[in-house]
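The values are calculated or read from the model by the stated rules, or taken from the named source; none is laboratory data. Bear in mind that the values here come from a model prediction, so they are computed numbers and not experimental data. Note that we place each Cβ from the backbone using ideal geometry, even for glycine, and neighbour counts take in every protein chain shown.
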């Protein structure tokens, strides 16, 4: 009987997954992503438009990777099909609360669930517009 109880206890302990906490801080967001969606609104009342192929006009840009380093380094890598010339570059980023800065541009974190990061920024083309980027963790 003790053996059965021990086996049951061990099974329960090892089958329970610990919840991963998704923090919007730099350590929680750090990782490699692909931009999987881009939408644009010309003004607050305007309808949202799919802008993915407008921003990424060449197919070689659509498989690129973005790496947010935990220490504030941001790397854009021309992954997969290489563009000519490749679009690799490194810059900086930071995150505090629901605010994020990439390449010196401010953004707001709309949501983050450890696998998908959605941010919005304003003033992309004109004052009062909004762009929304969806990053999917690889």
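Of these, 82, 132, which one is surrounded by 15 or more Cβ atoms within 10 Å (Cβ to Cβ) and either modelled with pLDDT under 95 or touching a strand residue (DSSP E or B) at 6+ places or on another chain (Cβ under 8 Å) (or both)? Even if it seems obvious, please write down each step before you answer.
Numbers: 82 fails: surrounded by 15 or more Cβ atoms within 10 Å (Cβ to Cβ).
None of the other options fit; the residue is 132.
From 125, 119, grab the single residue that is closer than 27 Å to residue 41 by Cβ and at pLDDT below 95.
Working: 119 fails: at pLDDT below 95.
Matching residue, one of 125, 119: 125.
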Counting just the residues of segment 97-128 that are in contact with a strand residue (DSSP E or B) (Cβ under 6 Å, 6 or more places away or on another chain) and in a loop (DSSP other than H, G, I, E, B), which one comes out surrounded by the fewest Cβ atoms within 10 Å (Cβ to Cβ)?
103
Could you check residue 73 against (1) modelled with pLDDT of 95 or more; (2) in contact with a strand residue (DSSP E or B) (Cβ under 6 Å, 6 or more places away or on another chain) and say which number it fails?
(2)
Failed item, numbered, when residue 56 is tested on (1) surrounded by 14 or more Cβ atoms within 10 Å (Cβ to Cβ); (2) within 21 Å of residue 24 (Cα to Cα)
(2)
Within segment 39-53, can you find the residues that are touching a strand residue (DSSP E or B) at 6+ places or on another chain (Cβ under 7 Å), surrounded by fewer than 16 Cβ atoms within 10 Å (Cβ to Cβ) and either modelled with pLDDT under 95 or part of a strand (DSSP E or B) (or both)?
49, 50
Please work out which one of (1) in a loop (DSSP other than H, G, I, E, B); (2) over 20 Å from residue 36 (Cβ atoms) is the condition residue 94 fails and give its number.
(1)
